[in-house]
Amino acid sequence: MSVKVYTRRSCAYCSAAKQLLMSKRALFEEICLDSDPALLQDIMLRSGQRTVPQIWVGSRHVGGFTDLLQLDRLGELDELLAHPPS
């Protein structure tokens with residue numbers, strides 16, 4: 001799966017990101033970080049961010065929900081989802 005969304009259960013931005021991806025009919029893998037503190041630390045190191053969600057499309061780190069929404073508003077999200085970087 002080329003889209004990965006790292007989330008926490010009680011995160012409204014995580015839910016919004018998943019809703020936006022579902023509205024685009026994008027297939028994505030959700031990885032919940034609630035019970036895996038080591039993975040949470042790894043994702044924070046890899047992304048350089050301390051918030052969730054953290055979203056990757058292919059090899060591209062998109063960022064969080066607001067970054068995903070901005071890509072959609074710029075008309076770039078559909079193209080990225082259609083042709084994820086490897």
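The values are calculated or read from the model by the stated rules, or taken from the named source; none is laboratory data. The structure displayed is predicted, hence computed values, not measured ones. Positions of Cβ are generated from backbone atoms using ideal geometry, with glycine treated the same way; all protein chains shown enter the neighbour counts.
Numbers for the structure displayed
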{"quantity": "Cross-chain or 6+ apart pairs with Cβ under 8 Å, segment 15-39 first and under 14 Å from V3 (Cα atoms) and of a type in the set (V, I, T), then surrounded by fewer than 15 Cβ atoms within 10 Å (Cβ to Cβ) and modelled with pLDDT of 95 or more", "calculated": "I31/L39"}
{"quantity": "Boolean, Q70 is surrounded by 12 or more Cβ atoms within 10 Å (Cβ to Cβ), without any contact (Cβ under 8 Å) to a residue 12 or more places away in the chain and not in a loop (DSSP other than H, G, I, E, B)", "calculated": "yes"}
{"quantity": "Unmet criterion (only one of (1) in contact with a helix residue (DSSP H, G or I) (Cβ under 6 Å, 6 or more places away or on another chain); (2) closer than 19 Å to S10 by Cβ; (3) surrounded by 13 or more Cβ atoms within 10 Å (Cβ to Cβ)) for R50", "calculated": "(3)"}
{"quantity": "Odd one out for M1, checked against (1) modelled with pLDDT under 95; (2) assigned to a helix (DSSP H, G or I)", "calculated": "(2)"}
{"quantity": "All positions within segment 15-57 that are in contact with a Gly (Cβ under 9 Å, 6 or more places away or on another chain) and in a helix (DSSP H, G or I)", "calculated": "A17, S47"}
{"quantity": "Meets criteria (assigned to a loop (DSSP other than H, G, I, E, B), touching a residue at least 12 places away in the same chain (Cβ under 8 Å) and not aromatic (F, W, Y)) for D78", "calculated": "no"}
{"quantity": "Flag for G64 being surrounded by 17 or more Cβ atoms within 10 Å (Cβ to Cβ), touching a residue at least 12 places away in the same chain (Cβ under 8 Å) and under 15 Å from V3 (Cα atoms)", "calculated": "yes"}
